[in-house]
Amino acid sequence: MGTLEELEKRIQKLEDIEAIKKLTIRGLHLADSKYRDGKLKSEGELEEIAKEISELYSEDGTFDAGEYGVAKGKQAIYERHKTSPFNFAIHFFVMPDIEVNGDTASARWYLLESATNKDNEALWISAVEDYDYIREEGRWLLRHKKASIIFVAPYDKGWAQ
C-alpha cells in the first residue's frame, strides 16, 4: 500500500502530468485557431492568439520548429506566432511520454499534421516533438519545444514517394 505521504506524492505526480497535457494541448489548440476558411485570420486576431501562446512559455522559453522557425524568449515567440508558414494546419499529437521531476518535466509527443502551404498545396507532416517544462509560482510553463521533422509529404503523393 504505502503511507499517506507516498500516496500524496503519487497523486501530485498524476495531477502534474494532467496539467502538462492540458498546457501542451492548449498551445496546439491556439496554434490551430489561427486559421479560418483555409487562410490566416486577421492581423488583430493573430496578435491575440500569439499573445496567448507566448504566455504559455517561461521567460527563457524556446520554440524550435526547425525549418518552420526558431524563437527564443517570450517576445520572439510572440512575434513568431503572429504569422504562419501555412494557410491551414491542424495538429494531431499522440503517445505522450511525460516524466515529472519535482518542478521540471520533460515529454516526447508524436505529431501528425495536415496542412496547406502558402502555394495551397496540401501536406502531411510528421515529427517527434520534445518538450521541457518548468513549474513557476505553482503553474506549469513550456520551457523548450523542439520539433524533429520525420517527413513533409504532398497529400496527393504521400510520404512513400
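Read the figures in this text as sums done on the coordinates, not as results from a lab. In this text the structure is predicted, and so the values were computed from the model without any measurement. A quick note on method: Cβ atoms are made from the backbone with ideal geometry, for glycine too, and the neighbour counts reach across all protein chains shown.
Multiplying the residue separation of Glu48 and Ile149 by 0.36 nm and subtracting their alpha-carbon distance yields 33.6 nm. Report note on the peptides 97-110, 34-47: ranked by the mean count of other C-beta atoms within 10 Å, highest first, their order is 97-110, 34-47.
Ordering Thr62, Leu14, Ala122 by Cα displacement along the dipole of the chain toward the positive end leaves Ala122 in first place; charges were set at the Cβ atoms of Lys, Arg (+1) and Asp, Glu (-1). Each residue, Lys22 and Lys157, gets one label point 7 Å from its Cα in the Cβ direction; the gap between the two is 4.4 nm. Extension gain, Glu5-Lys41: 0.36 nm per intervening residue step, less the Cα-Cα distance, totals 8.0 nm. In the chain, Cα pairs under 8 Å separated by at least six residues give a relative contact order of 20 percent. Counting charges near Ala122 (Lys, Arg +1; Asp, Glu -1) among other residues having Cβ under 13 Å from its Cβ returns a value of -2. Of all DSSP-defined beta bridges confined to the chain, some 90% are antiparallel rather than parallel.
Helix 43-54 and the longest principal axis of the Cα set of the chain meet at an angle near 30°. For the chain, a Gaussian network of Cα nodes joined below 10 Å ranks Phe151, Phe63, Phe93 by mean-square fluctuation, and the top entry is Phe151. Partners of Lys41 within straight-line reach, counting lysines whose Cα lies under 20 Å from its Cα and excluding those fewer than 8 residues away in the same chain: Lys51, Lys82, Lys118. Rounded to the nearest 0.05, the FRET efficiency derived from the C-beta distance between Glu121 and Asn101 at R0 = 35 Å is 0.25.
Rg/Rh for the stretch 91-139 stands at 1.18; both radii use Cα atoms, and Rh follows the Kirkwood definition. The stretch 121-138 and the stretch 1-74 have Cα centres separated by 8 Å.
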